[in-house]
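Down below is the structure, laid out as structure tokens.
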């Protein structure tokens, strides 16, 4: 259900909502330019570990998409944001507990499916894409693999690694939409070989790896900017 | 020396030249829109093995660059084009003999240096970039590493492999300009790990790997198109 009327925040219109999914309360937000028209494409934004649905960089991505006429939607992942919260980036144990207490990968898939059901019905959105790095790919890759409505994805900073590494490898061959996959060549969190292995396993015929030097969180600004151009162009292209 | 007056070929103006470099005759060509103005940027195009300076795909790259106001220059590599010629793509032995008979990597560096000296003086060109895949990187990486005039490079489809693989690995740390490096994930000619190793060794702070599925020669059209946008934008950016 919408939490309140749409409100203007800066140059965006923000619509907050809460859903009850298998007993879990899942809070979310949709960003758009003021006018929303039927058929507008939408990108689902998966936040990174220890952040939340309104992390500053997600708002920036939403801004870049809005300028191209694309809506953006985000929800809090298990144990993040309004759903309790993991706040210590150095504690992988706490992260794993939060992920599993929130229901793990199957719950994540169900949460995003419910959110897309709700928003796509309410706002009559058109084609749908995914944007998510790190935990945004831990969530996003299984979601994309299991929801045919998603027709293009920006993934990365993740590999055959972490709380659901085996699950990611099992789901990757089922991803068949175009994918751009970002990785950081000197990633100190997810080992290089694990990232390459996950990219290699993605089933899509059209997939491109973009690798840049630097640590996990040092994705170059131009890659973020270009990623929104990539998604917007793909979502506006005529279907074959 | 220019071989003749500039001539119109399709929508491009073509200027052919021949240089004598350490006893070798090196033929080359410059493509431009009709008007050439002082300070125009230029990209050096390194052709692939068994092809030559006027290979169809190089002409296409020259076209894309010309539309952005960027000149393109190509010469025949050792044993290629008007310099005898390697015509059997399956015979790596013949390729290695041609490469070495043409003087090897040091001669390649000298040939391109002489060509850039000549054209940059004659046409008063501005900033310079490199575009070359496969043999175009066997030539280009040492050229870029040894010629400070080159300020951005598109490389790829090559690794710590082939006739000058050790030399490429030795020169790579000396490359310090921005680089985009293309590779094909299923390359049947240059092994994947060798490509990753060479990318990893390039010294540039700004370098980006783009990997796509497919065999050696199956670089997606969008990567070719985007590569010319990348070079043109970098060459027109204000220097710091």
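Residue count for the range A:169-214 satisfying the condition of being in a strand (DSSP E or B) and more than 12 Å from every other protein chain (Cβ to nearest Cβ): 0. Restricting attention to the range A:218-240 and to residues that are under 19 Å from the mean Cα position of the chain (by Cα) and without any contact (Cβ under 8 Å) to a residue 60 or more places away in the chain, the residue that is nearest to residue A:129 (Cα to Cα) turns out to be A:233.
State the number of residues belonging to the range A:225-240 that are away from every other protein chain (no Cβ under 13 Å) and either closer than 14 Å to residue A:182 by Cα or out of contact with any strand residue (DSSP E or B) (no Cβ under 7 Å at 6 or more places or on another chain) (or both). Explain how you work it out, then say what you get.
Within the range A:225-240, the subset away from every other protein chain (no Cβ under 13 Å) is A:228, A:231-232, A:235-236, A:238-240.
Okay, now just the ones that are also either closer than 14 Å to residue A:182 by Cα or out of contact with any strand residue (DSSP E or B) (no Cβ under 7 Å at 6 or more places or on another chain) (or both), so A:228, A:231-232, A:236, A:238-240.
Qualifying residue count for the region: 7.
Among the residues of the range B:66-83, not one is surrounded by fewer than 16 Cβ atoms within 10 Å (Cβ to Cβ), in a loop (DSSP other than H, G, I, E, B) and free of Cβ contacts under 8 Å to residues at least 40 places away in the same chain.
Collect the residues in the range A:215-224 that are away from every other protein chain (no Cβ under 12 Å) and assigned to a helix (DSSP H, G or I), keeping them in residue-number order. If the condition is that a residue be away from every other protein chain (no Cβ under 12 Å) and assigned to a helix (DSSP H, G or I), then A:224 is the only one that fits. Residue B:58 meets all of the listed conditions (1) without any contact (Cβ under 8 Å) to a residue 12 or more places away in the chain; (2) within 14 Å of residue B:134 (Cβ to Cβ) but one, namely (1). Restricting the search to the range B:145-181, which residues are in contact with a strand residue (DSSP E or B) (Cβ under 6 Å, 6 or more places away or on another chain), closer than 19 Å to residue B:113 by Cα and buried (at least 19 other Cβ atoms within 10 Å of the Cβ)? Those that are in contact with a strand residue (DSSP E or B) (Cβ under 6 Å, 6 or more places away or on another chain), closer than 19 Å to residue B:113 by Cα and buried (at least 19 other Cβ atoms within 10 Å of the Cβ): B:150, B:152, B:153, B:154, B:155, B:177.
Every number here is computed from the coordinates shown, using simple stated rules; none is lab data. Quick caveat: nothing in here was measured; it's all calculated off a predicted structure. Note that we place each Cβ from the backbone using ideal geometry, even for glycine, and neighbour counts take in every protein chain shown.
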